[in-house]
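Have a look at the structure below, then the notes.
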Amino acid sequence: MKLDQFLKFIGIVQTGGEAKFIIRAGKVLVNGIVENKRGRKLTAGDQIIFANETYIVPNSDPLGRKLARSDK
């Protein structure tokens with residue numbers, strides 16, 4: 001799942017345009033680092049921080065499909 005899709009999934013934004021705006025403004029952190037790319041691919045367990053709230057990327061998307069895994 002991409003960062004902009006995740007922000008829509010959890011209800012922070014309603015549209016991709018809104019997601020683009022807040023990401024480009026530097027208001028979203030991924031694993032504690034400001035992320036400026038709305039197409040950033042997320043993996044299960046990534047922490048997304050916005051407006052002092054932390055969200056954890058789940059193992060599957062809303063349709064139950066497994067998300068990409070990191071080989072870290």
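The values are calculated or read from the model by the stated rules, or taken from the named source; none is laboratory data. What you see is a predicted model, and the numbers here were worked out from it, not measured in a lab. Reconstructed Cβ throughout: ideal geometry from the backbone, glycine too, with neighbour counts over all protein chains shown.
Among the criteria (1) modelled with pLDDT of 95 or more; (2) loosely packed, with under 10 Cβ neighbours inside 10 Å, the one GLU18 does not fulfil is (2). Residues in region 28-39 that are under 12 Å from the mean Cα position of the chain (by Cα) and within 17 Å of THR54 (Cα to Cα) were compared, and the one that is surrounded by the most Cβ atoms within 10 Å (Cβ to Cβ) is VAL28. Within region 17-27, the residues that satisfy the criterion of being over 12 Å from the mean Cα position of the chain (by Cα) and either part of a helix (DSSP H, G or I) or under 11 Å from LEU3 (Cα atoms) (or both) are GLY17, GLU18, PHE21, ARG24.
Of all the numbered requirements in (1) assigned to a loop (DSSP other than H, G, I, E, B); (2) modelled with pLDDT of 90 or more; (3) touching a Ser or Thr at 6+ places or on another chain (Cβ under 8 Å); (4) of a type outside the set (Lys, Arg), ALA68 misses one, and that requirement is (2).
Out of the residues in region 40-54 meeting the condition of being in a strand (DSSP E or B) and of a type in the set (Val, Ile, Thr), tell me which one is farthest from the chain's Cα centre (by Cα). Restricting to residues being in a strand (DSSP E or B) and of a type in the set (Val, Ile, Thr), the top hit is THR54.
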